[in-house]
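Below is one structure, written out as structure tokens, with a few remarks after it.
The values are calculated or read from the model by the stated rules, or taken from the named source; none is laboratory data. Because the structure is a prediction, the values reported are computed rather than measured. Note that each Cβ is placed from the backbone with ideal geometry, even for glycine, and that neighbours are counted across all protein chains shown.
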Amino acid sequence: MATQAPSGRILVVEDEESISQPFAEALRRAGFEALVTATAAGALELAASEEPDLVMLDLALPDGDGRDVCRELRRHSDVPIMMLTARGTEMDKIVGLELGADDYVVKPFSAAEVISRIRAVLRRSNRGDDSRESREKPVQIGELELDPGARIARIDGSELDLSRKEFDLLAELMRHAGQVVRREDLMSEVWDTNWFGSTKTLDVHIGWLRRKLGDDPADPTYIETVRGVGFRFAAPGVEEP
Ligand code: CA
């Protein structure tokens, strides 16, 4: 039943047909395979049976909450998830990301803009064996050990349970250990080359990463905030240049 999907298979979970239908059409015109469902139940079913490359997930669905769907998907899968939120609901964005979503889109949105973000997300998640990560050697700084190829991070020998974004952020900061990495460089490296939104998302993810590292934001061991500029990875024992 599955057809050739040159650019990827996108699952659109949205109960407003005035949004899902034209957007699915735009996706197909752009060379994607688009699957549409209006319900939370349909989302879980299609995610399992069709293995989409990316899920766009509305927050308010007729039979459930998009956040529960997101949480459920994350239990089994690392598929990129973009939450669809109503305008001006900042909390929804934060909550959506906290559940393991990769990005969010505020409705109403421009199909062209969202498709370019989808392409960027897919580029990041589909990097093949020749990607920089797989060629990179493991690094150890202080008690932290990072293996970019295996995508494993350990602290004191025990593996950290990091989301994809948290891992990418940590890897980027450790690559430049001792140096300040600018906010916009982190955004473009970890999220999207054409990032146009706010960098609030970055702070949220840095917050979770710190929590998992056991880092106190007021007196961090690993990730220092350089106000107005960015962040610096400064592990104990690493001399600042
Ligand atoms: Ca809805």
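Some notes on this structure:
- Contacts under 9 angstrom Cβ, first residue in the range 201-221 being of a type in the set (Gly, Ala, Ser), partner surrounded by 15 or more Cβ atoms within 10 Å (Cβ to Cβ), 6 or more apart: Gly214/Ile155; Gly214/Thr221; Gly214/Tyr222
- Yes/no for Gly64 being within 16 Å of the ligand (Cβ to nearest atom) and modelled with pLDDT of 95 or more: no
- Restricting attention to the range 44-61, the residues that are in a loop (DSSP other than H, G, I, E, B) and within 10 Å of the ligand (Cβ to nearest atom) total 1.
- Filter pass, Glu25 being within 14 Å of the ligand (Cβ to nearest atom) and either at positive phi or out of contact with any Asp or Glu (no Cβ under 9 Å at 6 or more places or on another chain) (or both): no
- Criterion applied to Leu202, Leu213, Leu186 was being at pLDDT 90 or above and surrounded by 16 or more Cβ atoms within 10 Å (Cβ to Cβ), and the one residue passing it is Leu213.
- Yes/no for Arg74 being under 22 Å from the mean Cα position of the chain (by Cα), within 13 Å of the ligand (Cβ to nearest atom) and among the charged types (D, E, K, R): no
- Condition met for Asp185 (within 18 Å of Lys200 (Cα to Cα) and either among the basic types (Lys, Arg) or assigned by TED's automatic domain parsing to the domain that holds Pro220 (or both)): yes
- Residue in the range 88-99 that is buried (at least 21 other Cβ atoms within 10 Å of the Cβ) and at pLDDT 85 or above present: no
- Across the range 67-82, the qualifying residues are those that are farther than 23 Å from Ser116 by Cα and hydrophobic (A, V, I, L, M, F, W, C), and the one among them that is surrounded by the most Cβ atoms within 10 Å (Cβ to Cβ) is Val69.
- Candidates are the residues of the range 20-37 that are hydrophobic (A, V, I, L, M, F, W, C) and surrounded by 18 or more Cβ atoms within 10 Å (Cβ to Cβ); the one that is nearest to Leu57 (Cα to Cα) is Val36.
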